[in-house]
Amino acid sequence: MKHVILLLAFLGLMIKGKAQHPPIFEGLRIDSTNFSLYDLPISLVKYTFREPNINFLCIHDDEDTGVKAAFEYIKFSGGSIIDCQYGGARNFLFYYNEEEFQTDPNSIYSNTGIIKGLEKYGRADREVVKNLKELSNTILKKYSEKDPAYFFTLHNNADGGFGISSYLQGYELESYADSLHINFQMDNDDLVIVTDLALFNRLKLDNINVVLQSVDAPDDGTLSVYSMKKNIPYINVEVQHGHFDENLRLIKIATKALLETYPNIKHTSTQ
Ligand SMILES: [Zn+2]
């Protein structure tokens, strides 16, 4: 019986290890901030390795490939990752006053977005809106104590559905894009999204799938729209789940582009 319990405990650890993606290696510094979204505990875990370099932000807890690729990147180049952990799901799902609420974590960076995000799954409650606003401020502060010089986010998507072609004329995200550069040799699901023309032009030279977000993109509370409003250069490296090598390749290309376009960033990435 004891062996069975031990085995179960071990399996439990393995399953937990899988959900809580980070491969821990020697010298990695870990610093967590905890936030209670009512009954949903959220951990903002910052992993730092060696010299400060790029700071990555992973918003969706069910998107592992980006986190793994970022770990591989910082293992060789130094840097940090902020990983939002809340049970391995995509959405925040929680109860307030015995009522269920749900929203996409990438819709909490404006009041309009918070309300729209909650209403997609139910109702927006004033108290809940306030609490989500506080959570977004906590995440932003965790990313950078001062006004950030940039945002570098990592997302993963499913095969088919959303991809660079979603931004083409006549497709669902047409109004979000100002310009596109498509490399038809690449998978449609692997792309980089930026909010600033200098970065867009620089990334075009690397012949990768890249989208320049439109200044008229609807306010959906995403961090990209927030960044655009605040004039903060924003990069999202977004690849299909499991495309680890491509994820790492695009992280390297985007990091190089960011540092070449904004050389001062290296000195501001120390928080
Ligand atoms: Zn995502």
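FYI, it's all coordinate maths here, none of it is from the lab. None of the values given here were measured: they were computed from a predicted structure. All Cβ positions, even for glycine, are placed from backbone atoms using ideal geometry, and neighbour counts span all protein chains on display.
Quick check on my link table: of LYS229/LYS252; LYS141/LYS230; LYS75/LYS252; LYS75/LYS256; LYS146/LYS204, which ones sit more than 20 Å apart, alpha carbon to alpha carbon? Checking Cα-Cα distances, LYS229/LYS252; LYS146/LYS204 exceed 20 Å. Go from 0 up to the bin containing the longest alpha carbon distance in segment 24-140, width 10 Å each, and give me the % of pairs per bin. Distribution as computed: 13, 43, 27, 14, 3 percent.
Counting other C-beta atoms within 10 Å, which of HIS241, HIS60 has the fewest, and how do the rest follow?
Lowest to highest Cβ neighbour count: HIS241, HIS60.
Charged side chains reduced to their Cβ positions (Lys and Arg at +1, Asp and Glu at -1) give segment 157-271 a dipole of some 640 debye around its Cα centre. Between LYS146 and TYR95, residue separation times 0.36 nm minus the direct Cα-Cα distance comes to 15.1 nm. Computed over the chain with a Gaussian network model linking Cα atoms closer than 10 Å, the most mobile of PRO105, PRO218, PRO52 is PRO218.
log10 I(q)/I(0), Debye, Cα-only the chain, no solvent, q = 0.07, 0.11, 0.12, 0.17 Å⁻¹? Results for the chain at q = 0.07, 0.11, 0.12, 0.17 Å⁻¹ read -0.25, -0.62, -0.74, -1.47. The distance linking segment 227-248 with segment 169-183 is 16 Å (Cα centroid to Cα centroid, whole angstrom).
Short-range pairs are left out: with C-alpha atoms under 8 Å and at least six residues apart, the relative contact order of the chain is 19 percent. Over the chain, DSSP H runs of length four or greater, each weighted -39,500 (n - 2.57), average out per residue to a 222 nm ellipticity of -11000 deg cm²/dmol. In this rough spin-label picture, where each label sits 7 Å from Cα along the Cβ direction, the LEU205-TYR38 distance is 5.0 nm. Using r as the Cβ-Cβ distance of THR112 and ARG29, and R0 as 45 Å, what FRET efficiency do you calculate, to the nearest 0.05? Efficiency computed from Cβ-Cβ geometry: 0.75.
Which of the helices in the chain meet the span-like rule: DSSP H, Cα axial reach of 24 Å or more, Kyte-Doolittle mean at least -1.0?
Within the chain the helices that satisfy the rule are 2-19, 126-143, 244-261.
Compared with the direct C-alpha span, the chain from PHE244 to GLU119 gains 41.6 nm at full extension, assuming 0.36 nm per residue. When ILE182, ILE54 are sorted by how many other C-beta atoms sit within 10 angstrom of their C-beta, beginning with the fewest, the order is ILE182, ILE54. Shown here for segment 121-179: trypsin sites (Lys or Arg not before Pro) in loop regions (DSSP other than H, G, I, E, B) with at most 15 other Cβ atoms within 10 Å, namely ARG123, LYS146.
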